[in-house]
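**Student:** What follows is a single structure, and I will ask about it in a moment.
The values are calculated or read from the model by the stated rules, or taken from the named source; none is laboratory data. Just so it is clear, the structure is predicted and the values come from calculations on it, not from any experiment. Here the Cβ is made from the backbone with ideal geometry for all residues, glycine too, and neighbour counts use every protein chain on show. Protein only, heavy atoms only, side chains kept; ligands, DNA and RNA dropped before computing areas. Shrake-Rupley method; radii C 1.70, N 1.55, O 1.52, S 1.80 Å.
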Amino acid sequence: MLGLLVVRVNRGVNLAIRDLRSSDPYVILKMEKQVHHPLLLLLCKVPEDSSLCKGFSSFIFSSKLGKLKTRVIKHNINPVWNEDLTLSVGDPCAPEVYDKDTFSRDDPMGDAEFDIAPLVEVVRMNLQNVPNGHVIKTLVPCRNNCLAEESPIYWSDGKVYQDIVLRLRNVECGEIELQLEWVNIEGSKST
């Protein structure tokens, strides 16, 4: 294991409408087994009795399924979650967004992928005595990523953070705002 990655799912902006006038969005972080440490975000809508939701609750990581889920925010295309989901990092991860439905399968509301390798690279620099708020690296949007704007990796209170705004794919509109925080584990490969 490299360490822990705390993903703060801040909010969604202008998400797709999947019900009559709104949506009931939630976010799933899903571990992906790929070399470059991508994280997939899924935004979805799921029925109350859906087997997809069984065994999930906010802040709980199921290593068997490799997924974490935020709470559902009813009737809102600009939801504010402000939830921390903690992943043990050894494999990459991916977020997805869904719209929760009561009587049918949850509707996908887009997905995005981001690479945590640049964050891990900065962590491995073993920085010390860096001023709070100092930006160490900035990632820029391009065709090869889902970034909606520049993504700074910075030092604050002795930790490495990254702010990310992701443009959702496979959907007509929507963005998700995240903040990543790296937590070292004694004896891990990152230290």
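**Student:** State all residues of the stretch 1-32 that are closer than 21 Å to residue 169 by Cβ, open to solvent by less than 50 Å² (accessible area, probe 1.4 Å) and not in a loop (DSSP other than H, G, I, E, B); if no residue qualifies, say none.
**Tutor:** Of everything in the stretch 1-32, those that are closer than 21 Å to residue 169 by Cβ, open to solvent by less than 50 Å² (accessible area, probe 1.4 Å) and not in a loop (DSSP other than H, G, I, E, B) turn out to be 7, 9, 10, 12, 13, 25, 26, 27, 28, 29, 31.
**Student:** Counting only residues that are under 22 Å from residue 2 (Cα atoms), open to solvent by 40 Å² or more (accessible area, probe 1.4 Å) and of a type outside the set (S, T, N, Q), how many does the stretch 119-134 have?
**Tutor:** Qualifying residue count for the region: 4.
**Student:** Could you figure out which of (1) modelled with pLDDT under 90; (2) surrounded by 19 or more Cβ atoms within 10 Å (Cβ to Cβ) isn't true of residue 155?
**Tutor:** Every condition holds for residue 155 apart from (1).
**Student:** Would you be able to tell me the number of residues in the stretch 135-191 that are of a type in the set (Asp, Glu), assigned to a strand (DSSP E or B) and over 18 Å from residue 97 (Cβ atoms)?
**Tutor:** Narrowing the stretch 135-191 to residues of a type in the set (Asp, Glu): 149-150, 157, 163, 172, 175, 177, 181, 186.
Right, trim to assigned to a strand (DSSP E or B) and you get 163, 175, 177, 181.
With over 18 Å from residue 97 (Cβ atoms) added as a condition, the list becomes 163, 181.
Matching residues across the stretch 135-191 total 2.
**Student:** Please determine, by comparing only the residues of the stretch 158-191 that are small (Gly, Ala, Ser) and over 19 Å from residue 89 (Cα atoms), which one is most open to solvent (accessible area, probe 1.4 Å).
**Tutor:** Looking at the filtered set, the residue picked out is 158.
**Student:** Shifting gears a bit: Answer with yes or no whether residue 125 is touching a strand residue (DSSP E or B) at 6+ places or on another chain (Cβ under 9 Å), aliphatic (A, V, I, L, M) and part of a loop (DSSP other than H, G, I, E, B).
**Tutor:** Judged against the criteria, residue 125 is a match.
**Student:** State which residue is modelled with the lowest pLDDT when the search covers only the stretch 86-118 and only residues that are within 14 Å of the chain's Cα centre (by Cα) and under 22 Å from residue 158 (Cβ atoms).
**Tutor:** If we take residues in the stretch 86-118 being within 14 Å of the chain's Cα centre (by Cα) and under 22 Å from residue 158 (Cβ atoms), then 89 is modelled with the lowest pLDDT.
**Student:** Now for a separate question. Considering only the stretch 121-138, I want to know if a residue exists there that is modelled with pLDDT under 90 and within 15 Å of residue 24 (Cβ to Cβ).
**Tutor:** no
**Student:** Please count how many residues of the stretch 20-44 are under 13 Å from residue 100 (Cβ atoms) and modelled with pLDDT of 90 or more.
**Tutor:** Summing the residues that are under 13 Å from residue 100 (Cβ atoms) and modelled with pLDDT of 90 or more in the stretch 20-44 gives 6.
**Student:** Can you find even one residue in the stretch 87-98 that is assigned to a strand (DSSP E or B), open to solvent by 40 Å² or more (accessible area, probe 1.4 Å) and out of contact with any Pro (no Cβ under 9 Å at 6 or more places or on another chain)?
**Tutor:** Step one: filter the stretch 87-98 for residues assigned to a strand (DSSP E or B), giving 87-89, 93-98.
Right, trim to open to solvent by 40 Å² or more (accessible area, probe 1.4 Å) and you get 88, 98.
Restricting the remaining residues to those that are out of contact with any Pro (no Cβ under 9 Å at 6 or more places or on another chain) gives 88.
Checked the stretch 87-98: at least one residue is assigned to a strand (DSSP E or B), open to solvent by 40 Å² or more (accessible area, probe 1.4 Å) and out of contact with any Pro (no Cβ under 9 Å at 6 or more places or on another chain).
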